[in-house]
1. Can you work out which of the residues in segment 25-51 that are over 18 Å from the mean Cα position of the chain (by Cα) and part of a strand (DSSP E or B) is farthest from residue 266 (Cα to Cα)?
2. Can you find even one residue in segment 6-24 that is touching a residue at least 40 places away in the same chain (Cβ under 8 Å), crowded, with 21+ Cβ neighbours inside 10 Å and assigned to a helix (DSSP H, G or I)?
3. Would you check which residues across segment 268-287 are in a loop (DSSP other than H, G, I, E, B) and either touching a residue at least 60 places away in the same chain (Cβ under 8 Å) or surrounded by 17 or more Cβ atoms within 10 Å (Cβ to Cβ) (or both) and list them?
4. Going by what's in this entry, would residue 86 be described as over 16 Å from residue 5 (Cα atoms) and buried (at least 21 other Cβ atoms within 10 Å of the Cβ)?
5. Looking at the structure I just gave you, is residue 239 in contact with a strand residue (DSSP E or B) (Cβ under 9 Å, 6 or more places away or on another chain), surrounded by 15 or more Cβ atoms within 10 Å (Cβ to Cβ), among the aromatic types (Phe, Trp, Tyr) and closer than 24 Å to residue 162 by Cβ?
Amino acid sequence: MIVFVGDLHACTALYQSHPTMTGDTDYAAAQIGEFCRKYGAKLVLVGDVFNSRFPEARVIRSVFNAFAGVDGAFLQAQHDWQRDVGWMQLQPRFEPLHGRVMEADGIRLYGLDCLSGSELQEALSRVPKDVDIFCGHQLLEEVMGLSGESHMAASELPCRMNILGDYHGSPNEGRTEDGRRWWYTGSMVLCSRSEPPAKSFLVADSSASTGEIDVSRVPLLTRPFVRVDIEWEEELVEFCDVIRGRVLTLHDDAVANGIPERVAVPFVSVKYNAEVKDAHSRMVRAVGDIVEAGRLHVHFLTQSRLAAAVQPSENVVSRKLSVLDAVRLLVDEETSPELLRFVVDLDASQDPRGFIRKLKESRGVKDRVM
């Protein structure tokens with residue numbers, strides 16, 4: 001059995017604006033280490049083990065302690081790369097996987113540190129043909145929707161099975177037309193408020209009956225997280241009415257599940273329309289005392305002016321606008337703040353706000369709404 005972990009981003013506090021919100025990476029690493037010891041699994045770290053090229057001594061000790069008694073290998077990536085000796089190499093039971101073949105439980109692995117450009121292409125050409133799983137820390141063009149120096153196409157994946165780090169979102173797995181499969185480990189903690197909050201690591205094991213390699217996910221226990229968008233008065237009223245009870249319930253459930261107290265304190269990220277009357281002060285009054293008591297971490301983010309601070313008129317809500325209608329509204333000198341409140345009749349894969357932004361840029365129209 002082999003455990004694959006990417007993007008632990010070990011550090012004291014994930015967010016500079018929340019220096020007291022600590023313990024997330026410690027707890028994630030502790031769960032991974034406990035799993036490996038319980039099942040005798042080898043641990044492969046596919047990059048960004050640390051959140052800095054020069055992590056604090058306390059952070060290094062915490063990771064080493066979490067993985068004590070575990071044999072493993074590691075790759076380096078943008079956040080923790082060292083030219084000569086990687087930090088995990090200071091842990092005697094770990095060895096670098098970059099440019100090497102390693103075998104565990106009959107599964108042959110090969111890994112590459114995060115590379116870019118011609119260096120990446122040359123390194124991919126040297127991946128041995130008899131490797132079962134390729135490990136890397138690269139973004140796929142198909143996932144990102146664009147190409148880049150450090151990106152690679154899924155068609156360039158060198159093995160039948162490929163496990164990657166660096167991408168924290170969704171989709172986190174896929175298959176090429178010729179049958180090559182890829183999985184992203186995802187991050188082990190909430191590195192960004194826009195990420196999916198559910199976290200997991202990957203496990204690869206050879207089936208005793210078929211000899212095939214099975215890859216599955218094992219969920220991690222993490223800090224309770226709530227993402228809230230408030231655009232209208234009614235949404236703000238509801239938030240202020242229910243948030244206290246919801247936060248305290250989340251905390252109690254987390255403690256009941258064995259999550260340590262400092263990680264059981266919920267994190268709430270609120271994006272709100274600042275034009276709703278007294279929005280910020282009303283939210284602060286609703287949660288201020290539990291924040292002060294250390295029972296909640298909250299991040300307030302003022303969103304761009306996406307709508308007028310009035311309830312939308314019925315005709316705007318009910319009317320779907322075509323792209324052509326949107327263009328007409330956009331270039332109309334009388335464009336109103338209703339522009340970004342409409343329901344755009346676009347392909348579901350498109351982001352209406354992003355579409356409008358690009359439309360404005362392409363026509364050199366000044367932003368009269370935001």
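1. Checked segment 25-51; the qualifying residue farthest from residue 266 (Cα to Cα) is 42.
2. yes
3. The first filter runs over segment 268-287 and keeps only residues in a loop (DSSP other than H, G, I, E, B), leaving 273-278.
Scanning segment 268-287 gives 273, 276.
4. Numbers: over 16 Å from residue 5 (Cα atoms): yes; buried (at least 21 other Cβ atoms within 10 Å of the Cβ): yes.
Criteria met by residue 86.
5. Values: in contact with a strand residue (DSSP E or B) (Cβ under 9 Å, 6 or more places away or on another chain): yes; surrounded by 15 or more Cβ atoms within 10 Å (Cβ to Cβ): yes; among the aromatic types (Phe, Trp, Tyr): yes; closer than 24 Å to residue 162 by Cβ: no.
No.
Each reported figure results from applying straightforward, stated rules to the coordinates on display, with no laboratory input. The structure presented is a predicted model; accordingly, all values stated were derived computationally and were not measured. So basically every Cβ, Gly included, is an ideal-geometry build from the backbone, and we count neighbours across all protein chains shown.
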